[in-house]
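The block underneath contains the structure these notes are about, expressed in structure tokens.
What follows is calculated from the coordinates using simple rules that are stated; it is not laboratory data. Since we're looking at a predicted model, the values are computed, not measured.
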Amino acid sequence: MKRMTITACVLLLVTLSPLARAESTNEEPTPALDPDKAFELSAIGAAVPAAVAGVSALMALSNGDSNSGLVGVAVVGQLVGLITPSLGELYSHQIVTGGMAMRFGGLLVEAVGLFNYGNTGIGDCEDHGPDCHHPASTYALIAGGAALYAGGMIYDVVLARGAASSWNRRHDLVMMPTALKTQGSVTPGVALALTF
């Protein structure tokens, strides 16, 4: 009977010590993240800068004025879009994502293509005069960079739910009834499982 009492006391102390530590340091239990909220944050973070950049670029092209402020708005939209599609992952405590890397690479490739397109003095049109017809490689750089950028946006939106679920699994606290077998009997208790 004495062993059973000691075992029960030890089990009770082991079970309550994390709760006592959390209360003594004023720590709140970590709340579970909502995968749907992570998805919504990433979807909105991808849609808004894409819409702003796309509409601004189309308006600048339709006006035929590539030096207007609309081009600047499109550029700012793309720069903001480097981060905002990853809002769902940031909500899930994931700082750097594969989508960020894809968007950054796509923006660099697109910038090289746009540099070649707009620079008639030292770019594609050096020998072609004022009526320059750019080679296909310039358009391929622009289109390839834009596709990589858009793919990075989609990648982060698709993986946002999984990032929140993964964080929840890694920081799960499980308490369940259990039985400890001693020499003469089985002692009831509570098992505490933490995942790091």
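Rg over Rh for region 69-116 works out to 1.06, using Cα positions for both radii and the Kirkwood form for Rh.
Calculation over all alpha carbon pairs of region 37-120 in 10 angstrom steps from 0 returns a P(r) of 18, 42, 27, 11, 1 percent.
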